[in-house]
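Trainee: Take this structure, written in structure tokens, and hold onto it; I'll ask about it next.
The values are calculated or read from the model by the stated rules, or taken from the named source; none is laboratory data. This one's a predicted model, so the numbers in the text were calculated from it and none came from an experiment. So basically every Cβ, Gly included, is an ideal-geometry build from the backbone, and we count neighbours across all protein chains shown. Side chains are part of the model used for accessible areas, which takes the heavy atoms of the whole protein and leaves out ligands, DNA and RNA. Shrake-Rupley method; radii C 1.70, N 1.55, O 1.52, S 1.80 Å.
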Amino acid sequence: AIPPEVFIEKKISKKGIGLSIFDPEALAEYIRCFNAKTIKGSCADYRAAATVDVDLDRADSDRGHKIACPVLLLWGARSHTEGVFTDVIGIWRKFAADIVGEGLDSGHYVNEHIPDETLAWFRRFFV
């Protein structure tokens, strides 16, 4: 019911460190991609995470299954993730055997806030 730029700006800036870190071109791309198709897909992803994904994860956990490949886990230390889940890696150890990563000095949008640090982690992990 509101223009995409209004929604995106409110959504992105409501928690964490706000819009100031977004390159104007990157923000324009978020807005450009905010359409009926992506809204439907995003809502379906969140809905699945709270329903069928929970059931599938629980079934895997009950069988002792874990992600077998190495996992890179990065999150914003100044985001809601750090505030809600204080031991992020500890939580993920229930689901994966080989985890590396850390909370980085950023808000929720790590790749936008600190792209150089994110890229450095990718280079170390994927080489």
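Trainee: Plugging the Kirkwood radius over Cα pairs into Stokes-Einstein for segment 11-103, at a temperature of 10 °C and a viscosity of 1.306 mPa s, what D comes out in µm²/s?
Mentor: Translational diffusion coefficient: 99 µm²/s.
Trainee: What does the net charge come to around R58 if you take all other residues with beta carbon closer than 14 Å to its beta carbon, with K and R at +1 and D and E at -1?
Mentor: Charge balance in the 14 Å sphere: -2.
Trainee: What length, rounded to one decimal in nm, is gained on full extension from D105 through to D55, with 0.36 nm per residue of separation minus their alpha-carbon distance?
Mentor: This chain segment gains 14.7 nm when fully extended.
Trainee: Under the rule of at least 5 residues apart or a separate chain, name every residue whose amide H is placed under 5 Å from the amide H of R93.
Mentor: HN-HN under 5 Å from R93: empty list.
Trainee: For K10, list the aspartates and glutamates whose Cα falls under 17 Å from its own Cα; do not include residues on the same chain fewer than 8 positions away.
Mentor: Candidates past the 8-residue exclusion: D23, E29, E112.
Trainee: Over the chain, give the accessible area per residue in Å² for a 1.4 Å probe, as an integer.
Mentor: 71 Å²
Trainee: Here's something else I'd like to know. Gaussian network model of the chain, Cα springs within a sub-10 Å range: biggest mean-square fluctuation belongs to which of D116, D23, D62?
Mentor: D62
Trainee: Amide H to amide H, which residues 5 or more places from L73 or on other chains are under 5 Å from it, using H placed in the peptide plane?
Mentor: V100, G101, E102
Trainee: Sort Y46, Y109 from largest to smallest accessible area, using a 1.4 Å probe on the heavy atoms of the protein chains.
Mentor: Ranking Y46, Y109 by accessible area, largest first, yields Y46, Y109.
Trainee: Quantify how much of the Cα-Cα distance distribution of segment 50-109 extends past 12 Å, in percent.
Mentor: Everything past 12 Å amounts to 69 percent.
Trainee: Over the chain, with every protein chain in place, what whole percent of the accessible area is carbon and sulfur at 1.4 Å, could you tell me?
Mentor: 58 percent
Trainee: If E82, E29 are ordered by their accessible area, calculated over protein heavy atoms with a 1.4 Å probe, which sequence runs from highest to lowest?
Mentor: Reading off the accessible areas and sorting them downward yields E29, E82.
Trainee: If we restrict to alpha carbons, what Rg and Dmax does segment 1-48 come to, in Å?
Mentor: Here Rg and the maximum Cα pair distance are 11.5, 32 Å.
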